[in-house]
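Only one structure is covered here, and it is reproduced in the block below.
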Amino acid sequence: MNYTGLIAQKEYRGYFSSPSAYIILVVFLLISGWFFSSPLFLNNQAELRSLFGIIPIIYIFFVPAITMGLIAKERNTGTIELLTTFPLQDKQIILGKFWAGVGLIATGLLFTLIHLITIMILGRNIDYGAIFCGYLGLLLLGAVYSAIGLFASSLTDNQIVAFIISFFIIFFLFIIEYTLFLLPAAIVGIFQYLSIGYHFSNLARGVIDTRNLVYFISLIILFLHLSILALQSRKWK
Amino acid sequence: MIQLQNLVKDYGTLRAVDHVNFEIREGEILGFLGPNGAGKSTTLRVITCFLAPSEGNIYIKDLNIREHSQQIRRMIGYLPENNPLYIEMTVFDYLKFVANVRQVKNFKERLQAVIDQCGLHGVVHKPIQTLSKGFRQRVGLAQAIIHDPEILILDEPTSGLDPNQIMEIRELIKELGREKTLIISSHILQEVQAVCDRIVIINKGRIVADGSTEELKSSFSSKTRLILNLIAPEEEIPALAGELKDISLLSTTRRAGEELEVVVEYAAGEDKRSEIYNYIKRSEWTLLEMHREKISLEDVFRNLTIEEGGEA
């Protein structure tokens, strides 16, 4: 098995060796389930829009909570010294941890498929394409937030600080969309492109546009790269 | 085998390691000694590629840490200071993870070997967080040797253990030292004295002494002190130093009853004990006790590391 996979496996298992992952998943599923099921019969529509609407908001808390410990905890307990003196590249460490975070998010999303089963039983003419796109969007969004959370975690040895930093970066990307009307017309375009909701909403509507994918993937690469730099900084300070 | 060349490590404006040069031969057990904050851990962290040197380089065989960090890491087993562990894992999972990362081919055999060597029977499937400190230390050592490295670096391996555990860990280290090149850092002198062939003392980032225990002791003092407990007339004592050549009298103190304690000193290379004894016999004094003052490594250490300002 390759090194990235080894680290990812270790981290992913690590989530389940403490109660934290269970608590986070349960809370995630309770909130998303509530927001999915309560308007379901009111709207009388066999679709997952309400789910795709609430999960990005839950992510703002959920993702920082699962990524805050990825590196900060290793720094805090000193195991970072072991990990970085193993014959591993810093890139492999960061990528492994990133995949573990994405893996846990995917696990959470996997459990929400139960709602899909519900509408499959209740409804007809379900737009599977839109649902697929929505899930793809949620996964990409989770991956972007994981990369941000990982970066925040690599800056500090305090998990709470890591949580707060990632929360604010994610919140900023999330809130831009709602502040556009305050901005001068000349720069609205730029800020709209920066806003994560703009790119997610296309996918949630069932449109796969390369511009949106490029946006998500470049953010992931950017923050993973910054995390690697932050991890390497131990060597030069 | 390991060669440190003009190694410098700065933390911002603080120079933690200042032009350190020394060489470790294959199979040697080197004790790296110094007060807290002297730069021991920093030096070890540079050797293990955790930190990059600010200046200078380290050569291990033909490799150097600036260019061949990955190959060097493979040759080294490392137990960092305070023995960090993934405490939520079981011992087995932890060792398996390390073995995988270290690409150990024959994991089953190696696992059995380290369990035997480190005495981990009975705890293999327990979570590390339930283990006592002594057992955790053994797990840390097991982790460091699972890939059978040529070089083993242990940063304060016995700190925080009770005396029995310290003895056990020391025995283990001695055993490991038979086949490996070993660097042990410590601020405990007895420990280094007990296990190491050679001692390097570092203070404020600089090497202040390098040699075997005996060499360090003899280089430290050029004089031998002899302590005599006698029953003799006090006023006749100065004649002892007067009549015998190259002996100086340092002090005479009266002990209980008639007993006197006399301290004399002579050059370290010579042995004046029989001359002194004969003199005492001729003078018809009673000799109760005669012994040389042992210069301990503590004295050497204190002398080298306490400097102007008295900081140690």
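Tell me which residues, restricted to segment B:249-270, are exposed (fewer than 12 other Cβ atoms within 10 Å of the Cβ) and either over 30 Å from B:VAL192 (Cβ atoms) or among the charged types (D, E, K, R) (or both).
Answer for segment B:249-270, where residues must be exposed (fewer than 12 other Cβ atoms within 10 Å of the Cβ) and either over 30 Å from B:VAL192 (Cβ atoms) or among the charged types (D, E, K, R) (or both): B:SER251, B:THR253, B:ARG254, B:ALA256, B:GLY257.
Name the single residue, out of those in segment A:18-46 being under 25 Å from A:THR84 (Cβ atoms) and surrounded by fewer than 16 Cβ atoms within 10 Å (Cβ to Cβ), that is nearest to the chain's Cα centre (by Cα).
Here the residue is A:SER20.
Would you check which residues across segment B:186-241 are in a strand (DSSP E or B) and under 30 Å from B:LYS281 (Cα atoms) and list them?
Across segment B:186-241, the qualifying residues are B:LYS223, B:THR224, B:ARG225, B:LEU226, B:ILE227, B:LEU228, B:ASN229, B:LEU230, B:ILE231.
So that you can scan it fast, the table gives a plain yes or no per residue for (1) among the hydrophobic types (A, V, I, L, M, F, W, C); (2) under 25 Å from B:THR90 (Cβ atoms):
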residue	(1), (2)
B:LYS133	no, yes
B:GLU150	no, no
B:LEU154	yes, yes
B:PRO157	no, yes
B:MET167	yes, no
B:LYS174	no, no
B:GLU179	no, no
B:ILE183	yes, no
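Looking only at segment A:47-64, how many residues end up being open to solvent by 30 Å² or more (accessible area, probe 1.4 Å) and modelled with pLDDT of 90 or more?
The qualifying residues number 2.
With B:LYS174, B:LYS108 as the choices, which residue is open to solvent by 50 Å² or more (accessible area, probe 1.4 Å) and either within 12 Å of chain A (Cβ to nearest Cβ) or under 27 Å from A:GLU11 (Cα atoms) (or both)?
B:LYS108
Out of the residues in segment B:57-87 that are of a type in the set (Ser, Thr, Tyr) and more than 8 Å from chain A (Cβ to nearest Cβ), which is least open to solvent (accessible area, probe 1.4 Å)?
B:SER69
Touching a residue at least 12 places away in the same chain (Cβ under 8 Å) and touching an Asp or Glu at 6+ places or on another chain (Cβ under 9 Å): does that describe B:GLN165?
no
For the structure I just gave you, tell me whether A:LYS97 is within 14 Å of chain B (Cβ to nearest Cβ), among the basic types (Lys, Arg) and open to solvent by 60 Å² or more (accessible area, probe 1.4 Å).
For A:LYS97, the condition - within 14 Å of chain B (Cβ to nearest Cβ), among the basic types (Lys, Arg) and open to solvent by 60 Å² or more (accessible area, probe 1.4 Å) - is not met.
Pairs please, first residue from segment A:189-202 and outside any helix (DSSP H, G or I), second anywhere and open to solvent by 20 Å² or more (accessible area, probe 1.4 Å) and of a type in the set (D, E, K, R), Cβ atoms under 9 Å, 6+ apart in sequence or on different chains.
Once the first residue is outside any helix (DSSP H, G or I) and sits in segment A:189-202, its partners that are open to solvent by 20 Å² or more (accessible area, probe 1.4 Å) and of a type in the set (D, E, K, R) give A:SER195/A:GLU177.
Which numbered condition in (1) under 26 Å from A:THR4 (Cβ atoms); (2) open to solvent by 20 Å² or more (accessible area, probe 1.4 Å); (3) touching a helix residue (DSSP H, G or I) at 6+ places or on another chain (Cβ under 7 Å); (4) in a helix (DSSP H, G or I) is the only one that A:ASP157 fails?
For A:ASP157, the failing item is (4).
Residue-wise test of (1) closer than 21 Å to A:THR156 by Cβ; (2) exposed (fewer than 13 other Cβ atoms within 10 Å of the Cβ).
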site	(1), (2)
A:PRO184	no, yes
A:LEU194	no, no
A:SER227	yes, no
A:SER233	yes, yes
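The values are calculated or read from the model by the stated rules, or taken from the named source; none is laboratory data. Just so we're clear, the structure is a prediction, and the values are computed from it rather than from any experiment. Please note: Cβ atoms are built from the backbone with ideal geometry, for glycine as well, and neighbour counts cover all protein chains shown. Heads up: the accessible areas ignore ligands, DNA and RNA and are worked out on the full protein's heavy atoms, side chains in. Shrake-Rupley method; radii C 1.70, N 1.55, O 1.52, S 1.80 Å.
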